[in-house]
Structures are given as C-alpha cells and as structure tokens.
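One structure is given below, encoded as structure tokens.
The values are calculated or read from the model by the stated rules, or taken from the named source; none is laboratory data. Since this is a predicted model, take the numbers as computed values, not measurements. Virtual Cβ from ideal backbone geometry, glycine too; neighbours counted across all protein chains shown.
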Amino acid sequence: MTTSNDRPLHDAIVVGGGPAGLQAALTLGRTHRDVVVLDSGNYRNDPTDAMHNVLGFDGTPPAEFRATAHRTLAAYDTVELRRTTAHAITPIDPDDPRAGFVVRTDGGEVTGRRLLLATGMRDELPATPGLAELFGTVAAHCPYCHGHEFAGTTVGILGAGPHAPRVAGLMARIAARLVVLADGADVDPHVRSALDAQGVEVRGAKVERVERSALPSGRDGARAVLADGETLDLGGLMVSPALHAAAPFAAELGLELRDSGAVAVDAFGRTSMPGVFAAGDGAHTADFPMPVSSVTAAMAAGQMAAASVDSSLLEA
Ligand SMILES: Cc1cc2nc3c(=O)[nH]c(=O)nc-3n(C[C@H](O)[C@H](O)[C@H](O)COP(=O)(O)OP(=O)(O)OC[C@H]3O[C@@H](n4cnc5c(N)ncnc54)[C@H](O)[C@@H]3O)c2cc1C
C-alpha cells in the first residue's frame, strides 16, 4: 500500500528498539505485518554492564541481548530495523488517526497505518557528585535488577523519603547491614520509626560525594563521603531517580498521560488515540501505581501491544 505521495504505507511503525519495541516487531513479523522499527540507540539500561532477572539472559550485557534480538528479527522479511531518530509524528488525517501516521526521521519520512510507541523513560539522578559514574554498577535503582550482587555487604540507601523503608524491606534479606543516607534532609517521623523498626541505621549528614572503591573481597564498592567527615564503605548504593518520558511524542499527539509522565494504556497497550499503541517503561496501565520497569515486563507489553495493532488492522 502507498500514500497519496507514493510513500510506502507500512502496516505499523514501532518507535523504539529496546525490549518492548523489538518484541513488538517479532510479534508483528510473525503474522507477516510490514513493520518498521525506528531506533535512536539510547537505551534506558545503557549505564549497566549486565542485566539480571531476565530468564535465559541473567548477567548478559544489554548490547549482547539486543544483538541476539536483532539476529532473531533478521529472519523475518517484513521487519525492518532502522537506526534513526524520530523527530515528529503527525496523523495523516487529523480527523481520523486510523488513516495512519507520518514519522519524520533523520533519514526522511516513514508512514504507517498504526503507531506503536516504545520509546521508554530516562532517569534523572540525584545531584550527588560522582553518582552518575556509579549508576548501573555499584549504584542501582531496582533491587530486582541489581540487589543480589550486593549480598552480604553494607548497602546504602540514598535519600530518606517515603521510599526508603520499602527499599530497606526489599534489601533486608540480601544486605548484611543497611544505612540510609538522609543527605542533609529532615527525616519524616513516620519514615524514621519505620526504619528504626527494621533496624536500619540513618545518617543525617549531606553526602559530599560518592566514588568507586575496592571491597576487601576484591569486588567494586561505593564509598560515600559525608559532610560531617564520616566515610562509609558500601557494597552497593540504592538510589531513586526521577523518571521522565524519553520522547515527547505522546504529549505532542495529545495522548492521555498518567502522573508518572508515562502514556496511559489499557491492558492491551491501547492509548487514548485510536491507532496509537504503547508498550514498555513509557506505558502505564491504571492497575499499577507506576509504570512496570523491567526487560521482561517490557517484552510482555510489547507482545500484547503488537497483538492489539494486528487486531486493529484486522478490524479495519
Ligand atoms: C541502570 C539500569 C539498569 C537496569 N537493569 C535492569 C536489569 O538488570 N533487568 C531488567 O529487567 N531491567 C533493568 N532495567 C530496566 C530496563 O532497562 C527497562 O525496563 C527496559 O529497558 C525498558 O524497555 P523499553 O523498550 O521500554 O525502553 P528502552 O530499553 O529504554 O528502549 C527505548 C527505545 O526507544 C528509542 N527511542 C527513544 N526516543 C526515540 C526517538 N525519538 N526516535 C527513535 N527511537 C527512540 C531508544 O533509542 C530505544 O531504542 C535497568 C534500568 C536501568 C536504568
């Protein structure tokens, strides 16, 4: 099929080549849908050298996982992966989004009957000097992804906000000792008593910087230097980044967003606009307090959203 400008009108355009987008492409390719995946090459788990909690790929570098996925997709003739950045997305017919979408990219325009957004989220770290260099290895945000690696050590939790007791609870069976670094902020009495009840130590002083250190075991650790002169040698540091949508398209298209900043989807990956679907970290169903952020969850959502794209094309 072509548009009025003789551009090929693909069945679907998937924006994003992370786990959500790549799995969506596989699902669409298996029903011989003509799908183009646009991938700007910026993945949320770029800072880490190994991903965990992914069956069959536990401990695998993310780049190796993607290379495996690319080899899988290469077997499907109707799937095309383009390494390019999308800059703008507009409906072909503003009155009927089911007519399709035009995506403007570095390499020209791509048109498709359906749009699947899998552009993910990006992390904004606390401003602590040195933290960005440690994030993804000895500083981590998710105990399921990077918690077991800190087993048997003293683990720090940066920030004494409402999240701290929950992170402490998740890490309690893994760490030998837990220390919350309040980083110069007041600690809410409820948070303090919840931490006390768990036997978690609290340090109030500002964290001047964090740096990589060598643990007696030979593994890397994180050293926290506090403004009151204390230095803590940690096996790992748990942090809570703020999350932002990695791409502006959901907002620019006027899709319903949730407070998390992610696009609102139903269980089938459908957004508030017919013809537009979303999956992965950047998509948020009403059932969860936050977007579910993991490789496996992104793949599951990508598969479901792709099946919804297929259904929507069948209905048309
Ligand atoms: C440090 C760190 C470590 C992690 N470790 C783990 C782990 O061990 N196990 C685990 O399960 N999860 C882990 N995660 C979470 C995991 O990375 C995400 O849940 C997962 O990557 C989400 O997949 P996604 O496809 O939604 O997004 P992403 O993987 O972030 O992919 C987004 C895609 O969209 C593309 N994109 C964005 N904007 C554009 C544009 N304008 N044009 C074209 N393409 C665009 C990007 O280039 C990329 O291809 C980790 C996260 C972080 C931050």
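Taking region 30-71 on its own, how many of its residues are away from the ligand (no atom under 12 Å from the Cβ) and either of a type in the set (Phe, Trp, Tyr) or part of a helix (DSSP H, G or I) (or both)?
5
So Val79 passes all but one of these: (1) within 13 Å of the ligand (Cβ to nearest atom); (2) within 27 Å of Phe268 (Cβ to Cβ); (3) hydrophobic (A, V, I, L, M, F, W, C); (4) not assigned by TED's automatic domain parsing to the domain that holds Asp220. Which condition number does it fail?
(1)
To keep it simple, each residue is scored yes or no on (1) in contact (Cβ under 8 Å) with a residue 60 or more places away in the chain; (2) assigned by TED's automatic domain parsing to the domain that holds Gly130.
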{"site": "Glu149", "(1), (2)": "yes, yes"}
{"site": "Asp183", "(1), (2)": "no, yes"}
{"site": "Arg223", "(1), (2)": "no, yes"}
{"site": "Thr231", "(1), (2)": "no, yes"}
{"site": "Ala246", "(1), (2)": "yes, no"}
{"site": "Gly254", "(1), (2)": "no, no"}
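Tell me yes or no: at least one residue of region 213-236 is in contact with a helix residue (DSSP H, G or I) (Cβ under 9 Å, 6 or more places away or on another chain) and closer than 18 Å to Asp123 by Cα.
no
Against the condition more than 22 Å from Asp188 (Cβ to Cβ), in the same structural domain as Leu181 (by TED's automatic domain parsing), at pLDDT 95 or above and of a type outside the set (Val, Ile, Thr), how does Gly156 come out, does it pass?
Considered against the rule, which asks whether it is more than 22 Å from Asp188 (Cβ to Cβ), in the same structural domain as Leu181 (by TED's automatic domain parsing), at pLDDT 95 or above and of a type outside the set (Val, Ile, Thr), Gly156 comes out as no.
For every residue, the table says whether it meets (1) in a strand (DSSP E or B); (2) among the charged types (D, E, K, R).
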{"site": "Val225", "(1), (2)": "yes, no"}
{"site": "Gly229", "(1), (2)": "no, no"}
{"site": "Asp233", "(1), (2)": "yes, yes"}
{"site": "Ser240", "(1), (2)": "no, no"}
{"site": "His244", "(1), (2)": "yes, no"}
{"site": "Ala247", "(1), (2)": "no, no"}
{"site": "Glu252", "(1), (2)": "no, yes"}
{"site": "Ser260", "(1), (2)": "no, no"}
{"site": "Pro274", "(1), (2)": "no, no"}
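Residues are listed down the side, and each one gets a yes or a no for (1) surrounded by fewer than 18 Cβ atoms within 10 Å (Cβ to Cβ); (2) in contact with a strand residue (DSSP E or B) (Cβ under 7 Å, 6 or more places away or on another chain):
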| site | (1), (2) |
| --- | --- |
| Arg44 | no, yes |
| Val79 | no, yes |
| Thr85 | yes, yes |
| Ile92 | no, yes |
| Gly100 | no, yes |
| Val103 | no, yes |
| Asp106 | yes, no |
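Cβ-Cβ below 9 Å, separation at least six or inter-chain, first residue in region 24-42 and under 13 Å from Ala118 (Cα atoms) and modelled with pLDDT of 95 or more, second among the polar types (S, T, N, Q) and more than 8 Å from the ligand (Cβ to nearest atom): which pairs?
Listed by first residue and then by second, the contacts come to Ala24/Gln303.
I'd like the residue in region 132-146 that is touching a Leu at 6+ places or on another chain (Cβ under 7 Å) and small (Gly, Ala, Ser) and, out of all such residues, is nearest to the ligand (Cβ to nearest atom).
Ala139
When you go through (1) touching a Pro at 6+ places or on another chain (Cβ under 7 Å); (2) among the hydroxyl-bearing types (Ser, Thr, Tyr); (3) surrounded by 19 or more Cβ atoms within 10 Å (Cβ to Cβ) one by one for Thr27, which number turns out not to apply?
(1)
If I filter region 171-186 for residues that are surrounded by 20 or more Cβ atoms within 10 Å (Cβ to Cβ), under 29 Å from Pro62 (Cβ atoms) and β-branched (Val, Ile, Thr), do I get at least one hit?
Within region 171-186, none of the residues are surrounded by 20 or more Cβ atoms within 10 Å (Cβ to Cβ), under 29 Å from Pro62 (Cβ atoms) and β-branched (Val, Ile, Thr).
Taking Ala20 as the residue in question, decide whether it is more than 23 Å from Ala139 (Cα to Cα), of a type in the set (A, V, I, L, M), assigned by TED's automatic domain parsing to the domain that holds Gln303 and part of a helix (DSSP H, G or I).
In short, yes.
So which residues in region 261-287 are more than 13 Å from the ligand (Cβ to nearest atom) and either closer than 19 Å to Arg122 by Cβ or free of Cβ contacts under 8 Å to residues at least 60 places away in the same chain (or both)?
Passing the criteria: Gly261, Ala264, Asp266, Ala267, Phe268, Arg270, Ser272, Thr285, Ala286, Asp287.
Please enumerate the residues belonging to region 104-131 that are closer than 30 Å to Ile157 by Cβ, outside any strand (DSSP E or B) and more than 10 Å from the ligand (Cβ to nearest atom).
Residues satisfying the conditions are Pro126, Ala127, Thr128, Pro129, Gly130, Leu131.
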